[in-house]
Amino acid sequence: MSFVLYLLANLLAYMNLKPLAQTISLFLSVLGRLLFRCLHEMIIPAEMIQVFSFHGFQVEMGSRSRRQAVLPVLLMIVIFGVSLKVIAGSTLSSHGRAPGRHLLQVDNASDTIRYSGDNTVRVDPLDNFKKYRGGYNLTNKHYWSSTIFTGVYGYAVAILWLLIGVAYGFYMLLARFCGRRENCRELQKRSECHKLCPLWPVLIALTFAVLAIGAVGLVLGANAKFHSRAKTVVSIIINTADDASKTIYNTTGAMRDIKDTLEVSNGSAYASSFLMTTSEKLDSEAADIQIQARKNRRLIDKGLEIVYIVTTATICLNLVAVIALSVSGFLRLRHLLYWLIVLCWLLTVLCWIFFGLYFFLDKFSSDTCTVLDDFQQDPNNNSLSSILPCDELRSAKSILSDVSAGIYDMVNKVNANISYLQATSFPNLMYVCNPFSPPPEYDYQPDKCPGNTIRIGDIPKVLKIFTCSDPNEDNCSGGQYLSASNYKTVEAYTSSIQSLLNAYPGMESLIECQSVKDAFSQILTKHCGPLKRYAQMVWASLVFLSVIMASLVLIWTAKAIQDQKHQHSDGSVKPHCAAPDPQEPGKTKEFQDNVEYGSV
């Protein structure tokens with residue numbers, strides 16, 4: 001491939017297309033510098049960079065001038081080195097990082113890598129291009145601007161390529177309408193390349209077209225996998241938020257049941273008011289979590305869909321344009337070829353922009369996975385502390401412990417009364433299972449109940465046989481039976497407490513942020529590696545496609561100009577040129593030979 005690029009530059013020079021050759025030289029020079037800077041930040045070791053960091057060489061650009069050019073081999077080493085590294089999956093993963101390794105950014109090609117806790121060190125365009133060191137913070141616009149700016153390599157090349165196209169277009173218009181004498185004389189010369197190797201540009205263009213089609217397939221495949229993996233990660237996070245809101249609703253439902261029971265049984269008015277206020281506040285928090293989760297899901301899904309659809313549509317259009325460009329060039333459909341060259345030039349600009357965008361997404365994915373890993377190591381000192389309420393939830397652990405202790409003491413008192421009844425009147429009466437372990441842990445362990453015990457929620461089933469069913473309580477014998485009203489009160493209390501116990505594991509997980517840790521662990525172990533790998537595959541294949549497209553456009557542009565020149569020299573179109581100078585017989589004879597050759 002490097003040989004093909006080298007051949008392209010020399011072929012343009014040999015065809016005496018100096019402006020277009022200079023365009024290639026300028027583009028490759030700036031592209032080489034930008035990718036060389038990108039190289040230091042990415043995956044090729046510094047020792048390899050030093051081996052290939054020489055200063056270019058002189059390339060023959062025509063019989064009149066020489067131009068300084070960046071070695072095409074270096075360009076292809078950068079591109080294929082990045083692509084092979086990404087495809088082989090030999091980039092540094094989160095498992096290869098030592099503890100304490102966090103986000104980083106290289107200042108320039110000569111800077112060393114910095115480690116600064118969980119802080120990023122990146123150029124921030126919104127802060128006069130100063131360094132951003134605020135860490136991973138999704139609520140900070142400077143974090144977003146500095147991270148998006150990591151794709152500057154693609155944005156810069158896209159702007160450069162667009163400006164080159166506009167400048168070259170104006171140049172061609174001026175050359176077409178001005179008709180300088182020097183250009184007219186050059187139109188009268190017949191290139192030896194046109195005689196000896198007319199098929200070489202077409203063969204090279206077809207080779208690049210095949211490579212472009214393969215690159216399109218790589219981009220589409222990697223982009224589809226990245227999109228699918230990103231949606232999976234978003235679903236895990238949003239589902240965790242939904243589960244948290246469901247846990248809160250289950251808890252507040254049990255609290256409202258207890259409050260209603262207290263009101264019916266003329267219980268404590270203060271306790272009833274406290275339960276009502278607390279349940280309403282928790283319901284409001286749960287509703288807010290659900291609203292934010294649904295809103296964020298819609299926004300993120302919409303953003304991912306837009307990026308995916310726009311990228312896919314652009315790359316598919318790129319595929320159609322490449323095929324149409326090759327066909328029109330091979331069939332010499334000149335006017336259609338010109339329009340397709342312009343279209344492919346603009347599509348190349350979009351490919352470079354998409355490269356910058358997916359390079360940014362790769363960085364953002366890497367940042368996110370790094371912070372999730374750090375959160376697993378130390379949830380208390382992490383960049384996510386500003387957006388995760390784990391510290392606030394952890395402060396409620398003492399309240400949950402008080403609830404556990406209260407239920408534990410209540411069950412022990414009930415079992416003490418049951419022991420008295422067993423010794424006096426009801427030897428077959430079963431004990432109530434205490435769902436909590438002894439102090440000070442008060443661990444919730446409902447599965448460790450002995451076989452001769454019943455759950456708190458099953459107490460009404462046992463008491464039902466001792467309940468007086470006669471509406472006239474005076475007919476109940478000996479005071480050994482519960483009245484119907486007392487039975488309903490006991491049933492309401494026990495069912496409410498059992499509902500609270502059923503929600504206890506969710507509350508405990510919520511307070512300990514265990515559900516968040518489990519979600520992050522699932523993302524880290526199953527999705528982070530593939531997500532970063534697919535993002536790298538997308539931008540690496542986009543770089544490859546962009547370079548191929550740029551080369552293909554330049555080849556067909558050169559071929560179109562060459563064909564137009566030889567069409568003029570063959571006499572099919574008469575240029576507005578001065579007559580040959582009779583003082584220059586050699587040139588007159590040469591012009592006559594050209595006319596004769598054209599007539600043949």
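Quick check, is residue 384 in a helix (DSSP H, G or I) and either more than 22 Å from the chain's Cα centre (by Cα) or under 15 Å from residue 551 (Cα atoms) (or both)? Considered against the rule, which asks whether it is in a helix (DSSP H, G or I) and either more than 22 Å from the chain's Cα centre (by Cα) or under 15 Å from residue 551 (Cα atoms) (or both), residue 384 comes out as no. Based on this model, can you work out whether residue 256 counts as at pLDDT below 85 and closer than 30 Å to residue 161 by Cα? Against the criterion (at pLDDT below 85 and closer than 30 Å to residue 161 by Cα), residue 256 does not qualify. Going by the structure shown, is residue 503 small (Gly, Ala, Ser), at pLDDT 50 or above and under 30 Å from residue 329 (Cα atoms)? So residue 503 does not fit the description; no.
Looking across the stretch 411-421, the residues that are free of Cβ contacts under 8 Å to residues at least 12 places away in the same chain and of a type in the set (A, V, I, L, M, F, W, C) come down to 416, 421. Among the residues making up the stretch 414-439, those that are modelled with pLDDT of 85 or more and part of a loop (DSSP other than H, G, I, E, B) are 430, 433, 434, 435, 437, 438, 439. In this structure, residue 442 does not qualify as within 50 Å of the chain's Cα centre (by Cα), part of a helix (DSSP H, G or I), outside the structural domain of residue 248 (by TED's automatic domain parsing) and at pLDDT 85 or above.
The values are calculated or read from the model by the stated rules, or taken from the named source; none is laboratory data. It should be emphasised that the depicted structure is a prediction, and the values quoted were computed from it without experimental measurement. Positions of Cβ are backbone-derived with ideal geometry, glycine not excepted, and every protein chain shown enters the neighbour counts.
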